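To start, the structure itself, in structure tokens.
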Amino acid sequence: MELNPMQVALNTVRTLRLELMQLIIEIGEGVKDDGSQTESKDNRYMYSMNEMVGKLGLHMRDLEQVVGSLSSPPGAMLLYNTSFLTQESTSDRQALYTPLVSSHKWLDKVHKFSSNAVQILSQNSLKKSYYNSSSNKKKRQQSSLHNISPQAVDVLLTNIDRMFPEMSITITRPCASNVVLLVGLSRVLQAIISFKGVMIEWVIVKGFNEPINPNSLQQELWQESRYYVFRKITDHANAAMLHFSSPTLPDLSVRSFMTWLNSYLILFNSVCKACGNRLLNAYPPTWRDLRSLDTYHYECKP
């Protein structure tokens, strides 16, 4: 069955219904008198009825012609799963027919709009090209901090060891080429520093008299100090490690951190710059300023 005659027939039925509704309204309300007509009200009423009935007759004739031109469908229309709606006994499921019709109308509109969009877009060919002005330039390969030779790391750590006479550095590699340092700071503290390439990953600070096995430094990284003071310094050390971290200047980052760590050489002899006391709540000043290396109690730091 062709769609164009069916569409014409539906439009004719719609027009016929509108004209019939207008006729019913006219019969119910009558002819409105605005005072400008010279003819009598009955004559105007009859003229209006004749005109509207004549229009109805024309539309009815058009509908008969259009319906006569329609061809009958070749076979039974396939309703698919909608045919089972008539078998439902519950009122809730019987109400599915109305939203089903609405969904079909919505799909028809989508099909119509998409067809119009295809026609419009086919007339205007859109060509998009993404051009990057820097695409022809040679990209500079950035060096990774994880892919540095062990010899370069050893040279860096050896030079740092020479910078601080009171600091002893023991280089170990328990896991492939990554370094784990055992740093001893005079008779004050010990620090275990884990590296990934030339980047510091984790720091653990313990007391000088706490036993540390140099052959199992990886396990020692997971064991905190038994003293609250050095647990506090461990937190400060990891914060300082993140502060000094620099992807562009990794050597300076490590040197700055080791300089900061070396400032704890006078941990138990230093005086807080803020309160002027050596002890606060029975603890020495554990905080070191990241720029000036001034000593502060954690509660007194600026």
Next on the checklist: For a quick check of your reading: which helices (runs of 4 or more DSSP H) sit entirely within the range 136-251 and have at least 2 residues that are aliphatic (A, V, I, L, M)?
Outcome noted: 150-163, 228-244
Checklist entry - Of the residues that make up the range 218-225, is at least one aliphatic (A, V, I, L, M), touching a residue at least 24 places away in the same chain (Cβ under 8 Å) and buried (at least 19 other Cβ atoms within 10 Å of the Cβ)? => result no
Next on the checklist: I need every pair where a residue in the range 18-40 that is at pLDDT 75 or above has its Cβ under 7 Å from the Cβ of a residue that is part of a helix (DSSP H, G or I) and of a type in the set (A, V, I, L, M, F, W, C), sequence separation at least 6 or different chains.
Outcome noted: Glu19/Met52; Glu19/Leu56; Leu20/Leu56; Gln22/Met52; Leu23/Met52; Leu23/Leu56; Glu26/Met52
Checklist entry - Which one of these does Ser256 not meet: (1) among the small types (Gly, Ala, Ser); (2) part of a helix (DSSP H, G or I); (3) free of Cβ contacts under 8 Å to residues at least 12 places away in the same chain? => result (3)
Item to check | Check on Arg288, of a type in the set (D, E, K, R), surrounded by 16 or more Cβ atoms within 10 Å (Cβ to Cβ), assigned by TED's automatic domain parsing to the domain that holds Asp161 and touching a helix residue (DSSP H, G or I) at 6+ places or on another chain (Cβ under 7 Å) | outcome: no
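The values are calculated or read from the model by the stated rules, or taken from the named source; none is laboratory data. Here the structure is a predicted model, which is why all the values come from computation and not from measurement. Note: ideal-geometry Cβ built from the backbone for every residue, glycine included; neighbour counts use all protein chains shown.
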